[in-house]
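Novice: What follows is a structure written as structure tokens; I'll ask about it next.
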Amino acid sequence: MAVMISRLRRRPYDVVVAVATDANYAWPAVLTLLSAGARSTASTLCLLFGDQLEADFITSAEDAFSRIGIPFEYVDADFTNFSSLPQRFHFTRAAYGRLCVPDVARRFAPLTLYLDADTLVMSDIAPLAELDLGEKHVAAAVRDRWRLTVSSPNGVIDWAQRGFEPTAPFFNSGVLLIHNDAWIREDVSSRVVAELRDRPGNATFADQGALNTVLHDQWIELPRSWNFQVAPTPSMRIGPIVLTRRSWFMPGSVRVLHYLAGVKPWDAHYPPGYPRSLYRQTWANFFSSAIPPADGYWQWVSSRYGNQRTA
Ligand SMILES: [Mn+2]
């Protein structure tokens, strides 16, 4: 009944695009939102969930959106509650910020497209805003590139005890289409936090493993192009094809590009090639200030393999 009532209530937008960040990823987070908002033909609100960001930054961010007429709201989110959750690899407590999103976003739209701050949107997100998740599903996502199933290493650690099928798909949580009311109804965020508190040893990639545990059987698999995961590796573009040492892809068919791992495309040491050029070009298109110059190919090789390697 509650679901039917909330469906009848009109909300001002079709979809919310949301990114959560601390000060470290603040400008990349703005770029992610701008890349999504600028290309969207759906009625879209961009929401930035910031972990105690400075007033100057917020004003500059608001300017960046109003200059090109994209609806935007800053949400002052306190991530202190997440401080006690496991923080390993390059993840900080802001990695759990997505758990705050649906409760705010549902006032604005029925759906949320949650994006990591290390993603760039390369196409119109309207097809996602029109997706019908049905009654049973809470979210839609793309399979993780390296962990295809719950039984993959660093997938759902205790999949067998939980009685999951070993071949059940495992999603990457960097791009999540969320049915806001269903997420709240199923109490997903609190269940994920409880899961991480009770079994911190099972925490893989911040809340990715716990999300896959709680949302098991309740998500729809999206085509790979909606979360096209690239590893930081040198690449070369030949016409419509980008080649890396181990694989190739066609950037024309990518809808959301996701820069995996600890080194990020705005870092000087990100390996040279198409994904890095695209990132810098997009940055230059939206912001007046440039990212500091990147390493050339030989500099990159010596910083990666030579003696001058820095932390
Ligand atoms: Mn990511």
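Novice: Roughly how large, in nm² to one decimal, is the mean projection of the convex hull of the alpha-carbon atoms in the range 109-194? Mind dumping the intermediate values first?
Specialist: Details: hull surface 27.6 nm².
Averaging across all directions leaves 6.9 nm² for the Cα convex hull.
Novice: A further question follows. Amide H to amide H under 5 Å from residue 46: which residues, 5+ apart in sequence or cross-chain, H placed 1.01 Å off N in plane?
Specialist: 17, 72, 73
Novice: If you build a Gaussian network model of the chain, linking Cα atoms that sit under 10 Å apart, which residue out of 41, 21, 119 swings the most?
Specialist: The residue with the greatest mean-square fluctuation here is 41.
Novice: On alpha-carbon atoms, Rg over Rh for the range 1-132 using Kirkwood Rh? Intermediate values should be presented prior to the final figure.
Specialist: On the way: Rg = 14.9 Å, Rh = 15.3 Å.
Value, to two decimals: 0.97.
Novice: For the range 49-99, what ratio Rg/Rh do Cα atoms give with a Kirkwood hydrodynamic radius? Don't skip to the answer; put the middle values down first.
Specialist: On the way: Rg = 13.5 Å, Rh = 12.5 Å.
That ratio equals 1.08.
Novice: Which value in Å is the Kirkwood Rh of the range 171-221 over different Cα pairs?
Specialist: Numbers: mean 1/r = 0.0886 Å⁻¹.
Across the range 171-221, the inverse of the average 1/r is 11.3 Å.
Novice: If you don't mind, there's one more thing I want to ask. Considering only 170, 82, 228, give the residue with the highest GNM mean-square fluctuation for the chain, with springs between Cα atoms whenever their separation is below 10 Å.
Specialist: 82
Novice: Nearest 500 deg cm²/dmol is fine: what mean residue ellipticity at 222 nm does the chain get from its DSSP H runs of n ≥ 4 alone, each adding -39,500 (n - 2.57), divided by its residue count?
Specialist: -8000 deg cm²/dmol
Novice: Something else about it: If you project the alpha carbons of the range 64-137 onto the principal axes, what extent comes out on each, in Å, largest first?
Specialist: Cα extents, longest axis first: 40, 37, 25 Å.
Novice: Ratio of alpha-carbon Rg to the 2.2 N^0.38 Å globular estimate for the chain, to two decimals, please. Before the final figure, lay out each step's value.
Specialist: Values: Rg = 19.2 Å, N = 311, 2.2 N^0.38 = 19.5 Å.
This ratio for the chain stands at 0.99.
Novice: Across the range 219-235, in residue order, what do the Karplus-derived ³J(HN,Hα) couplings come to in whole Hz, using 6.51 cos²θ - 1.76 cosθ + 1.60 with θ = phi - 60° and x for Gly and Pro?
Specialist: For the range 219-235, the Karplus-derived couplings read 10, 9, 7, 9, x, 3, 5, 7, 8, 7, 8, 10, 7, x, 9, x, 8 Hz, x marking Gly and Pro.
Novice: Another question about this same structure. Pull up all non-local amide H partners of residue 266: gap of 5 or more, or a different chain, and H-to-H distance under 5 Å with H placed in the peptide plane.
Specialist: none
Novice: Could you run the Karplus curve 6.51 cos²θ - 1.76 cosθ + 1.60 with θ = phi - 60° over the range 188-193 and give me ³J(HN,Hα) per residue in whole Hz, x for Gly and Pro?
Specialist: 4, 4, 5, 5, 5, 4
Novice: A further question on this structure: Let me see the pair-distance distribution of the range 45-195: every alpha carbon pair, 10 Å bin width, integer percents in order.
Specialist: 9, 33, 39, 16, 3, 0
Novice: What list of ³J(HN,Hα) couplings, whole Hz, do you get for the range 195-209 from phi and the Karplus terms 6.51, -1.76, 1.60, once you set θ to phi - 60° and write x for glycine and proline?
Specialist: 4, 5, 6, 6, 9, x, x, 8, 5, 10, 6, 6, 9, 4, x
Novice: For the range 199-268, what value does the Rg/Rh ratio take when both radii are computed over Cα atoms and Rh is the Kirkwood radius, given to two decimals? Each step should come with its number before you reach the end.
Specialist: Numbers: Rg = 15.5 Å, Rh = 14.6 Å.
Ratio value, two decimals: 1.06.
Novice: In debye, nearest 20, what is the charge dipole magnitude of the range 232-303 about its Cα centre with +1 on Lys and Arg Cβ and -1 on Asp and Glu Cβ, if you could check? Write out the running numbers ahead of the final one.
Specialist: Numbers: 7 positive and 2 negative charges, 43 e Å.
So the magnitude is around 200 debye.
Novice: Placing +1 on the Cβ of each Lys and Arg and -1 on the Cβ of each Asp and Glu in the chain, which of 23, 250, 96 has its Cα farthest towards the positive end of the resulting dipole?
Specialist: 250
Novice: Another question about this same structure. Got a sec? Charge dipole of the chain, +1 on Cβ for Lys and Arg, -1 for Asp and Glu; which of 289, 274, 32 is way out at the positive end?
Specialist: 274
Novice: Could I ask something else about it? With +1 on each Lys and Arg Cβ and -1 on each Asp and Glu Cβ, and nothing else charged, work out how big the dipole of the range 51-188 is about its Cα centre, in Debye to the nearest 20. Don't skip to the end; give the middle numbers.
Specialist: On the way: 12 positive and 21 negative charges, 119 e Å.
Here the size comes out at about 580 debye.
Every number here is computed from the coordinates shown, using simple stated rules; none is lab data. The structure presented is a predicted model; accordingly, all values stated were derived computationally and were not measured. Every residue, glycine among them, receives a Cβ derived from its backbone with ideal geometry; neighbour counts consider all protein chains shown.
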